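Participant: Please find one structure pasted underneath; my questions will follow.
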Amino acid sequence: MSDLDEMVKKVRKLQLRAAIAKTNLRDLAEGLPVKWTDIEEVAEKTHAVYAELGCARRELAKMKTLR
């Protein structure tokens, strides 16, 4: 498998993780004020996965242009 294929696979996995993180954050928000103490942890995890996804998407775009 080429590097480009590997990066596409990585981006897809990160997109799934990001969707799950977004859902977890939304579910937490809908359940407020019950689990308000979890807001920071869930938000940090969501932020981290979206940051990683953004980097992977930029790298994939770069790889496609160099191709």
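The values are calculated or read from the model by the stated rules, or taken from the named source; none is laboratory data. What you are looking at is a predicted structure, and each value in this text was computed from that prediction instead of being measured. Cβ coordinates were reconstructed from backbone atoms using ideal geometry, including for glycine residues, and neighbour counts include every protein chain displayed.
Participant: Report every pair of residues separated by at least 6 positions or lying on different chains whose Cβ atoms are under 8 Å apart, first residue within the stretch 29-47 and within 18 Å of Ala19 (Cα to Cα) and modelled with pLDDT of 95 or more, second of a type in the set (Lys, Arg) and not in a loop (DSSP other than H, G, I, E, B).
Facilitator: Filtered contacts from the stretch 29-47: Thr46/Lys22.
Participant: Among (1) surrounded by fewer than 12 Cβ atoms within 10 Å (Cβ to Cβ); (2) assigned to a helix (DSSP H, G or I), there is one condition Pro33 misses while meeting the rest; what is its number?
Facilitator: Checking Pro33 against (1) surrounded by fewer than 12 Cβ atoms within 10 Å (Cβ to Cβ); (2) assigned to a helix (DSSP H, G or I), the one that fails is (2).
Participant: Take the conditions without any contact (Cβ under 8 Å) to a residue 12 or more places away in the chain and small (Gly, Ala, Ser) and apply them to Ala51. Does it pass?
Facilitator: yes
Participant: In the stretch 4-28, which residues are in contact with a helix residue (DSSP H, G or I) (Cβ under 7 Å, 6 or more places away or on another chain) and either within 15 Å of Ala56 (Cα to Cα) or without any contact (Cβ under 8 Å) to a residue 12 or more places away in the chain (or both)?
Facilitator: Leu4, Met7, Val8, Lys10, Val11, Leu14, Gln15, Arg17, Ala18
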